[in-house]
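Presented below is the structure to which this report refers.
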Amino acid sequence: MVSASWLSLLLLVALATAASAQLSSTFYSTSCPNALATIKSAVMAAVSQEPRMGASLLRLHFHDCFVQGCDASVLLAGNEQNAGPNLSLRGFNVIDNIKTQVEAICKQTVSCADILTVAARDSVVALGGPSWTVPLGRRDSTTAASSTTVANNLLPPSASLAQLISVYQSKGLSVTDMVALSGAHTIGQAHCPSYRAHIYNDTNINQSFAASLQANCPAGSGGTNVLAPLDTTTANTFDNAYFSNLLSQKGLLHSDQELFNGGSTDNTVRNFASSAAAFSSAFATAMVKMGNISPLTGTQGEVRLKCSATN
Ligand code: HEM
């Protein structure tokens with residue numbers, strides 16, 4: 001006969017296991033077998049309507065994972081979304097729309113954190129980049145982060161190489177992961193205030209490239225709504241041109257050019273510029289690692305009914 005104390009110990013172990021369950025790529029195989037196909041076709045439609053949306057969804061996933069882990073906290077209306085680095089995020093409506101479609105086939109089963117992770121992968125694929133298998137089973141947070149937490153975890157474009165290395169290391173990401181993930185800037189756009197200091201004050205920038213950007217982004221202030229592609233050669237294609245641009249001092253952000261500025265990451269940039277395959281494989285590996293940052297699993301958090309609000 002098992003004693004009551006043994007039973008409660010067993011129960012505790014079972015609960016602890018459930019709470020810290022591992023992510024698994026087959027998590028929805030029986031509970032929602034069409035979830036991944038539904039997300040993929042919605043992302044394909046959104047990206048074919050507006051290619052930049054692929055970049056915006058990828059960035060949304062990064063901003064989610066680096067702040068409080070990949071828990072969809074960035075999707076909650078409020079403090080976290082209103083913090084400086086998050087003000088230019090886009091794509092919330094696309095995620096809300098995907099969630100509506102997924103809820104229609106499987107009620108309260110697929111988390112917003114997983115939808116965002118899969119949508120980021122599908123966005124990269126939609127723009128011609130590599131594919132990878134996404135571990136699943138994240139749950140959604142019941143709280144958003146404060147603006148201080150956002151500022152501490154998302155570096156500004158003025159960041160130095162040392163700062164970049166240190167923040168990624170604090171998330172369990174290596175220097176190679178950091179350089180590979182920065183390759184996400186092979187797609188999408190930035191606003192003039194994000195690159196103004198680089199094009200006017202820095203010397204490690206191609207002069208004609210700087211001059212062409214200065215024509216639309218005024219010195220001092222203004223140009224708030226002016227956009228420029230992060231990859232000046234192929235803005236809507238997920239390729240390795242971002243790294244070739246760095247070799248010719250055509251990184252748009254100060255933080256981009258930091259990766260190729262005589263420091264410890266120069267050789268990795270050269271390697272990714274010369275081998276699309278090396279970049280693709282390192283990017284896929286690093287995306288899985290980024291997607292695994294402090295997920296809520298098991299009985300932690302909840303599966304939201306709507307991505308923009310807690311239940
Ligand atoms: C920690 C280093 C990083 C810094 C300092 C940084 C900074 C920025 C800045 C300043 C912008 C432009 C914002 C604007 O002016 O509207 C931007 C855009 C973007 N970032 Fe990053 N970023 C970093 C890492 C990443 C990572 C790791 C990813 C994804 C894996 C990523 C994906 C993107 C994408 C795709 C865009 C374009 C979004 C769009 O067009 O809507 N970034 N980033």
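The values are calculated or read from the model by the stated rules, or taken from the named source; none is laboratory data. The structure displayed is predicted, hence computed values, not measured ones. Ideal geometry is used to build each Cβ from the backbone, glycine not excepted, and the neighbour counts take in all protein chains shown. For accessibility, only protein heavy atoms count, side chains too; no ligands or nucleic acids. Shrake-Rupley method; radii C 1.70, N 1.55, O 1.52, S 1.80 Å.
Here are the numbers:
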item	result
Evaluation of ASN225 against (1) open to solvent by less than 20 Å² (accessible area, probe 1.4 Å); (2) within 30 Å of ASP122 (Cβ to Cβ); (3) assigned to a loop (DSSP other than H, G, I, E, B); (4) touching a strand residue (DSSP E or B) at 6+ places or on another chain (Cβ under 8 Å) (one fails), failing number	(1)
Looking only at the range 27-50, and only at residues there that are touching a residue at least 12 places away in the same chain (Cβ under 8 Å) and not in a helix (DSSP H, G or I), the one that is nearest to GLY91 (Cα to Cα)	ASN34
Neighbours by Cβ (under 8 Å, 6+ apart or cross-chain): first from the range 90-115, open to solvent by 70 Å² or more (accessible area, probe 1.4 Å); second hydroxyl-bearing (Ser, Thr, Tyr)	GLN101/THR38; ILE105/THR38
Helices (runs of 4 or more DSSP H) contained in the range 119-213 and holding at least 2 residues assigned by TED's automatic domain parsing to the domain that holds HIS63 and away from the ligand (no atom under 16 Å from the Cβ)	147-153
Residue among SER264, SER281 that is surrounded by fewer than 20 Cβ atoms within 10 Å (Cβ to Cβ) and not in a helix (DSSP H, G or I)	SER264
